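**Q** Structure incoming, see below.
Bear in mind that the values in this text are calculations on the coordinates, not laboratory data. Small disclaimer: the values here were computed from a predicted structure and weren't measured. All Cβ positions, even for glycine, are placed from backbone atoms using ideal geometry, and neighbour counts span all protein chains on display.
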Amino acid sequence: METRQGKSVFSGVAIGKLFVYKKAKQVVDKKTIEDPAAEVARYMAAKEKAKEQLEMLKEKTMKDVGEAEAEIFEAHQMLLEDLDFVEGITGMIENDKVNAEYAVFVTGEQCAALFLSMDDDYMRGRAADVNDISNRLIAILSGTQVSAEAMPEPVIIMAEDLAPSETVQFEKDKILALVTQKGSANSHTAILARMMNIPCIVTADIDLDPDLTGKNGIVDGFTGKIYIEPDEVTAAVMAEKKKREEERKLLLQSLKGLPTVTKSGKHIHLYSNIGSEEDVDSVLENDSEGIGLFRSEFLYLGRDTYPTEEEQFQVYKNVISKMNGKKVIIRTLDIGADKQADYFQIPKEENPAMGFRAIRICLHRPEVFKTQLRAIYRASAYGTASVMFPMIISVAEVKKIKEIVEEVKNELRQADIPFGDVELGIMVETPAAVMIADMLAPEVDFFSIGTNDLTQYTLAIDRQNQSLDDIYDPHHEAVLRMIQRTIECAHAHGAWCGICGELGADMELTRRFIQMGIDELSVSPVFTLELRKKIREAE
Ligand code: PEP
Ligand code: MG
């Protein structure tokens, strides 16, 4: 047995097989090879393996989702066998004496370019399929993996680091735990792990040897320990710990259906944070009273093009309908900083956390913003929807947003498209917004305090910087005073005020937030029942 240590950012115990995840290399090295025949054989073996992976994916998708959705993998299998593609690769290996990875990379690029130049939407769409196949082949050839989808059972993922765009691509029920060599406690990957209710350990001293894949592992999210090939005693102790944790969760079930009121009778709205439609199940399972933050930008990640109005409408409508009248607050897209999507083509920035992100992008690209707002407003006809805007720093921004919202509403009215009564709010997550909260409050229905960013900007500490995790302190008096001021300004102007940052789930502060007058707390669904217990015990 080997034991490794990291910093736990979400507790729980996971027991299962390890899976070493490495990003498929973007730029493939060109190498000269001595034996082209052996290199062609290596490529052929990789092709066989890719075929098997695709077959597995096809069968799984057919079973879990449907036949139509599984067709994509059949198309990939056909492209994999396409004679031009295969001969392009083998020809390059034989004639230019280059390594298989490089031959696949170049041939894939050429094929994709050819598809992209075609005057037909369907054919242009095939370029992405060719890229997918090249990446899969390169990943197999270089001993890396495309994703955990290739694993037949749920796994403990070990990686150097994970960007939100990668984490969203994992199938949630295939992940038992996340363990990364880098990463910070306040990153979006940590937030996603909490949302997925799985243990997560960052800055772990793990090796990423591909041979570890398939070995037994245990992750103790309470202590930050990772056990590789655990011995019998450790396995038994950890199984017992896991059982106790499950029993504790079971006890909390008795709080389901009870109101979230303090002893003195104040009702605190207890809502959930979500990142996708799938998360709604956990919101309902944990008896949350609404959705206080839908991080809509996750719809924009892990893909090559902007999601269309129709695609977004379907997702928002499904979420709102499933919530069956309970409030759903959709935050407009907060792309930028650590949440990057290449197709936004945001120029490289020195300081992305303070750069072109969130509402700044939306106000600069009104067509992108309006597409999202139209989708939200259309979906609002199916239940109770609110919308809020991230990274606000001025009244002028809010006025501009409201103008655009009015335009969208007028367009919908003219087209006879119904929409509901949508509350408008802003995220208070910059010190500027706190300082002018008295001027912002009359403009909106509510404030939602984003303590993750508010802490980073107030303390001037990059939330992504793992070496500063120890001094990133959301309990800092400066942050708490910011929260107090925001609540007071909201109430003075008839707006309500909640917290949707991770601090909302910090139960050491629950009493203090209640004393400050907080109206709503929005937390990862897994914290709902425990927080309800805490609120019911407070005065
Ligand atoms: C926050 O900043 O507190 C917040 C809720 O938004 P995000 O973590 O997505 O930046
Ligand atoms: Mg934020």
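**Q** Can you tell which of SER142, MET78, PHE115 lies farthest toward the positive end of the dipole of the stretch 36-142, using +1 and -1 charges on the Cβ of basic and acidic side chains (Lys, Arg; Asp, Glu)?
**A** Of the listed residues, the answer is SER142.
**Q** Sequence gap at least 6, Cα distance under 8 Å: using those rules, report the relative contact order of the stretch 36-142 to the nearest whole percent.
**A** On the way: 106 pairs, mean separation 31.8, N = 107.
After rounding, I find 30 percent.
**Q** Further question on the same structure: Pop a pseudo-label 7 angstrom from the Cα along the beta-carbon direction at both LEU363 and LEU208 and give the gap in nm to one decimal.
**A** Distance between label points: 3.8 nm.
**Q** How much net charge surrounds VAL202 when only the other residues with a Cβ under 12 Å from the Cβ of VAL202 are counted, with Lys and Arg +1 and Asp and Glu -1?
**A** Working: positive: LYS7, LYS182; negative: GLU160, ASP161, ASP205, ASP469.
Taking every Cβ under 12 Å from that of VAL202, the sum is -2.
**Q** Of the listed pairs LYS370/LYS399; LYS256/LYS534; LYS215/LYS243; LYS322/LYS370; LYS182/LYS242, which have alpha-carbon separations greater than 18 Å here? Write down the numbers at each step before the final one.
**A** On the way: LYS370/LYS399 15 Å; LYS256/LYS534 14 Å; LYS215/LYS243 22 Å; LYS322/LYS370 24 Å; LYS182/LYS242 26 Å.
From LYS370/LYS399; LYS256/LYS534; LYS215/LYS243; LYS322/LYS370; LYS182/LYS242, over 18 Å: LYS215/LYS243; LYS322/LYS370; LYS182/LYS242.
**Q** At a 10 angstrom cut-off on C-beta neighbours, averaged per residue, how do the peptides 268-275, 348-355 rank from highest to lowest? Kindly include the intermediate steps, with their values, before the conclusion.
**A** Values: 268-275: 25.2, 348-355: 12.1.
Descending mean neighbour count gives 268-275, 348-355.
**Q** What is the gain in length, in nm to one decimal, between THR305 and ASP29 on full extension, counting 0.36 nm per residue of separation less the C-alpha to C-alpha distance?
**A** Working: separation 276, 0.36 × 276 = 99.36 nm, distance 2.77 nm.
Between THR305 and ASP29, full extension yields 96.6 nm more.
**Q** Which residues' amide hydrogens lie under 5 Å from the amide hydrogen of LYS7, considering only partners 5 or more residues apart or on another chain, with H built in the peptide plane?
**A** Close amide H contacts, sequence-distant or interchain: VAL202, THR203, ALA204.
**Q** With a cut-off of 8 Å between alpha carbons and a minimum separation of six or more residues, what is the relative contact order of the chain in percent?
**A** Details: 1019 pairs, mean separation 82.4, N = 539.
It rounds to 15 percent for the chain.
**Q** Continuing with this model, one more query. Sketch the reach of a paramagnetic label on ASN324 as a point 7 Å from Cα along Cα-to-Cβ, and name the residues of the stretch 280-312 whose backbone nitrogen lies under 20 Å away.
**A** 280-292
**Q** Hey, if you put +1 on the Cβ of every Lys and Arg and -1 on every Asp and Glu Cβ in the stretch 233-295, which of ASN273, LEU255, SER288 ends up farthest toward the positive end of that dipole?
**A** LEU255
**Q** What FRET efficiency, computed as 1/(1 + (r/R0)^6) with R0 = 45 Å and r the Cβ-Cβ distance, is obtained for LYS256 and ASP416, rounded to the nearest 0.05? Walk me through the intermediate numbers first.
**A** Numbers: r = 41 Å, r/R0 = 0.92.
Using R0 = 45 Å, I get an efficiency of 0.60.
**Q** Also, I was wondering about something else. Computed FRET efficiency, Cβ-Cβ of ALA381 and ASP470, R0 35 Å: what is it to the nearest 0.05?
**A** Details: r = 48 Å, r/R0 = 1.37.
In this case the efficiency is close to 0.15.
**Q** Arrange ASP445, ASP211, ASP506 by Cβ neighbour counts within 10 Å, fewest through most, would you?
**A** Working: ASP445 16, ASP211 10, ASP506 19.
Going from sparsest to densest Cβ surroundings: ASP211, ASP445, ASP506.
**Q** Report, in cubic angstrom per residue, the convex hull volume of the C-alpha atoms of the stretch 36-142. Write down the numbers at each step before the final one.
**A** Numbers: hull volume 9.1 nm³, N = 107.
In the stretch 36-142, the Cα convex hull volume per residue is 85 Å³.
**Q** Any idea what the dipole of the stretch 36-142 comes to, in debye rounded to 20, about its Cα centre with Lys/Arg Cβ at +1 and Asp/Glu Cβ at -1? All intermediate terms of the calculation are to be shown ahead of the outcome.
**A** Numbers: 11 positive and 23 negative charges, 87 e Å.
Using only the charged Cβ atoms, the result is roughly 420 debye.
**Q** Tell me which DSSP H helices of the chain clear both cut-offs, 15 Å or more of axial length from alpha-carbon atoms and a mean Kyte-Doolittle hydropathy of at least 0.5. If you can, show how the numbers build up before the last one.
**A** Working: long enough: 36-64 (41 Å, -0.96); 67-81 (21 Å, -0.13); 83-96 (18 Å, 0.19); 100-116 (24 Å, 1.08); 121-141 (31 Å, -0.04); 232-252 (31 Å, -0.75); 309-322 (19 Å, -1.09); 366-379 (19 Å, -0.33); 395-414 (29 Å, -0.66); 477-492 (22 Å, 0.21).
Once both thresholds are applied, what remains is 100-116.
**Q** Below 8 Å, C-alpha to C-alpha, sequence gap of six or more: please give me the relative contact order for the stretch 433-539 in percent. List each step's numbers first, then the result.
**A** Numbers: 128 pairs, mean separation 32.1, N = 107.
Here the relative contact order equals 30 percent.
**Q** Once the other residues with Cβ under 14 Å from the Cβ of THR430 are scored (Lys, Arg +1; Asp, Glu -1), what is the net sum? Let's see the in-between values first.
**A** Details: positive: ARG357, ARG360, ARG463, ARG485; negative: ASP334, GLU397, GLU429, ASP453.
Net local charge, THR430 excluded: 0.
**Q** For a quick check: sort GLU443, GLU109, GLU539 by the number of other beta carbons within 10 angstrom, fewest at the front.
**A** Details: GLU443 17, GLU109 14, GLU539 9.
Least to most surrounded, the residues fall as GLU539, GLU109, GLU443.
**Q** For the stretch 269-537, place one equal point scatterer on every Cα, skip the solvent, and apply the Debye formula. What is log10 of I(q)/I(0) at q = 0.07, 0.09, 0.13, 0.15 Å⁻¹?
**A** Debye output, listed in q order: -0.23, -0.38, -0.84, -1.15.
**Q** Using the crude model of +1 on Lys and Arg Cβ and -1 on Asp and Glu Cβ, and no other charge, please compute the dipole size for the stretch 269-537 relative to its Cα centre, in debye to 20.
**A** Working: 29 positive and 44 negative charges, 102 e Å.
Approximately 480 debye in magnitude.
**Q** In the calculated pair distance distribution of the chain, what percentage of Cα-Cα distances lie above 31 Å? Walk me through the numbers on the way to the answer.
**A** Working: 75332 of 144991 pairs.
Result: 52 percent of Cα pairs exceed 31 Å.
**Q** Also, I was wondering about something else. Subtract the Cα-Cα distance of ILE404 and GLU2 from 0.36 nm times their separation in residues, and report this length gain in nm to one decimal. Write out the running numbers ahead of the final one.
**A** Numbers: separation 402, 0.36 × 402 = 144.72 nm, distance 5.76 nm.
Between ILE404 and GLU2, full extension yields 139.0 nm more.
**Q** Looking at ILE89, MET391, ILE175, which one has the Cα that reaches farthest to the positive end of the dipole of the chain (charges on Cβ: Lys, Arg +1; Asp, Glu -1)?
**A** MET391
**Q** A further question follows. Quick check for me: using +1 on Lys/Arg Cβ and -1 on Asp/Glu Cβ, what's the dipole size of the stretch 298-409 about its Cα centre, in debye to the nearest 20?
**A** Result for the stretch 298-409 is approximately 500 debye, rounded to the nearest 20.
**Q** Now, a different point. Between ILE72 and ASN95, what is the spin-label point distance in nm, taking each point 7 Å from the Cα along the Cα→C-beta axis?
**A** 3.4
**Q** Hand me the trypsin sites (Lys or Arg not before Pro) from the stretch 441-516 located in a DSSP loop with no more than 13 other Cβ atoms within 10 Å, in residue order please.
**A** Details: sites: ARG463, ARG481, ARG485, ARG511, ARG512; in loops: ARG463.
When the trypsin sites (Lys or Arg not before Pro) of the stretch 441-516 are filtered for loop state and at most 13 Cβ neighbours within 10 Å, nothing remains.
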